[in-house]
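The values are calculated or read from the model by the stated rules, or taken from the named source; none is laboratory data. The model shown is predicted, which means the values in this text are computed figures rather than measured ones. Because the Cβ atoms are built from the backbone with ideal geometry, glycine has one as well, and the counts that use them run over all protein chains shown. To get the accessible areas, we keep the full protein, side chains included, count just its heavy atoms, and leave off ligands, DNA and RNA. Shrake-Rupley method; radii C 1.70, N 1.55, O 1.52, S 1.80 Å.
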Amino acid sequence: MKYHGILDKATVNEGFRSKRRTITALILGLILGFCIAKYLLPPHTTTIVEKTPKNNILAQTLYHEVRILCWILTTPQNHEEKAKHVKATWGKRCNMLLFMSTAEDPELGSVALPVPEGRDYLWGKTKEAFKYVYKHHFNDADWFLKADDDTYTIVENLRFLLYPYSPNDPIYFGCRYNKYAKQGYMAGGSGYVLSKEAVRRFVEEAIPNATLCKQANTGAEDAEIGICLEKVNVTAVDSRDIHGRGKFFPFSPEHHMFPSKNKQYWYWKLIYYKTHEGLNCCSDNAVGFHYVKPKEMYVLDYLIYNLHPYGITYAQEPLPQKIKTIESSQSDIE
């Protein structure tokens, strides 16, 4: 009996130890899983299910009527860190999405441009990117958006902005700065949009001509393209709303709501139009923001496309009339 009692006690103790090991392993597994989900897995591995709007007929109509090709300026080291998050969020709402880099990436779908890598060669990459788009996709879209891999664009608002204009007019839009060209130039980070005719003039007339465009690949791409476009008579269009609020922004939303008060800051010296501060900084139909981190892109996607205050609906702003000439539209705005 004594022998059997000792055996039973050992067996029970072993059972307790086995249970403790199981529970410990389970807890460690949960902790490890949480860490992997929080710190290792990219945000878009968790699918964000967008709500199906009750009435998106107008947005779908504009999708087919205002065709936008979006090309994103990126680098090989940013394919995984930034570019793929553009693809997972706002980029999917473009009619066509391309990533311009110096290395091919089948998963991302990037184009390897024949230009050295580095910030000093952004002008060269921009020229080669537009040449590639013109050669391979010129007839696939009517408008061509250049954006960075840390730009966030509300594509539906861009279509609304572009709707009254003809892509056959030589025009372009963006956050307008006041230097280097008489009409200024559009900031690269917030994204700028060229009409079909503007792209044609840039690629066919401006780039090959040394008197119109800088032939070297070094330089600030947004300033250089602004100089080139002015020389081939592409008009920089005022994209502000009827209240004078901008639609393209070189910083994230919070930086425009709470801007630097230092009037010596470069932004205040370069901005073409008088800007507003606080909640009145930005148009209700804002188009693009810059310096948006990957996680913030998912937050913006949720806030814009999923979150709706219950019981509140907004009147749909009607589409504007088509514009006959750029000159008349500019005089109406200014």
Mind checking whether some residue in segment 266-277 is within 20 Å of the chain's Cα centre (by Cα) and assigned to a loop (DSSP other than H, G, I, E, B)?
no
Members of segment 267-283 found to be β-branched (Val, Ile, Thr) and surrounded by 18 or more Cβ atoms within 10 Å (Cβ to Cβ), listed by number
Thr275
The condition from (1) farther than 15 Å from Cys175 by Cβ; (2) open to solvent by less than 40 Å² (accessible area, probe 1.4 Å); (3) not aromatic (Phe, Trp, Tyr) that Ser252 misses is numbered (1)
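Quick check on my filter: what residues within segment 83-119 are assigned to a helix (DSSP H, G or I), open to solvent by 40 Å² or more (accessible area, probe 1.4 Å) and under 22 Å from Met297 (Cα atoms)?
Once the filter is applied, which keeps residues that are assigned to a helix (DSSP H, G or I), open to solvent by 40 Å² or more (accessible area, probe 1.4 Å) and under 22 Å from Met297 (Cα atoms), segment 83-119 yields Lys87, Lys92.
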Among the numbered criteria (1) more than 28 Å from Glu80 (Cα to Cα); (2) touching a helix residue (DSSP H, G or I) at 6+ places or on another chain (Cβ under 6 Å), which single criterion is violated by Thr153?
(1)
Out of Tyr298, Tyr302, Tyr291, sole residue that is open to solvent by less than 30 Å² (accessible area, probe 1.4 Å), modelled with pLDDT of 95 or more and over 21 Å from Lys179 (Cα atoms):
Tyr298
Being over 22 Å from the mean Cα position of the chain (by Cα) and touching a residue at least 40 places away in the same chain (Cβ under 8 Å) narrows it down to one of Glu230, Glu296, so name that one.
Glu230
Taking only segment 275-317 into account, find how many residues are charged (D, E, K, R) and within 14 Å of Asp241 (Cβ to Cβ).
2
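Given the criterion open to solvent by 40 Å² or more (accessible area, probe 1.4 Å), over 21 Å from Val111 (Cα atoms) and in contact with a Leu (Cβ under 7 Å, 6 or more places away or on another chain), identify the matching residue among Asn168, Asn178, Asn209.
Asn178
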Return the residues of segment 188-213 that are assigned to a loop (DSSP other than H, G, I, E, B), over 16 Å from Lys135 (Cα atoms) and either among the polar types (S, T, N, Q) or in contact with a Lys or Arg (Cβ under 8 Å, 6 or more places away or on another chain) (or both); say none if nothing qualifies.
Gly188, Ser190, Gly191, Asn209, Thr211, Leu212, Cys213
Subset of segment 137-165, residues surrounded by fewer than 24 Cβ atoms within 10 Å (Cβ to Cβ) and in a strand (DSSP E or B), comes to Asp148
Whichever residue in segment 166-187 is among the charged types (D, E, K, R) and outside any strand (DSSP E or B) and, among such residues, is farthest from Val232 (Cα to Cα)
Lys179
Do you know which residues across segment 224-244 are touching a strand residue (DSSP E or B) at 6+ places or on another chain (Cβ under 8 Å), in a loop (DSSP other than H, G, I, E, B) and open to solvent by less than 30 Å² (accessible area, probe 1.4 Å)?
Val234, Val237, Asp238, Ser239
Looking at (1) in contact (Cβ under 8 Å) with a residue 24 or more places away in the chain; (2) hydrophobic (A, V, I, L, M, F, W, C); (3) exposed (fewer than 11 other Cβ atoms within 10 Å of the Cβ), find the lone condition where Ala286 falls short.
(3)
Of everything in segment 66-82, what is outside any loop (DSSP other than H, G, I, E, B), in contact with a Leu (Cβ under 9 Å, 6 or more places away or on another chain) and closer than 10 Å to Asp149 by Cβ? Give them in sequence order.
Ile72, Leu73, His79
So is Ala210 hydrophobic (A, V, I, L, M, F, W, C) and free of Cβ contacts under 8 Å to residues at least 60 places away in the same chain or not?
yes
Quick one: which residue in Leu69, Leu73 is touching a His at 6+ places or on another chain (Cβ under 7 Å) and modelled with pLDDT of 90 or more?
Leu69
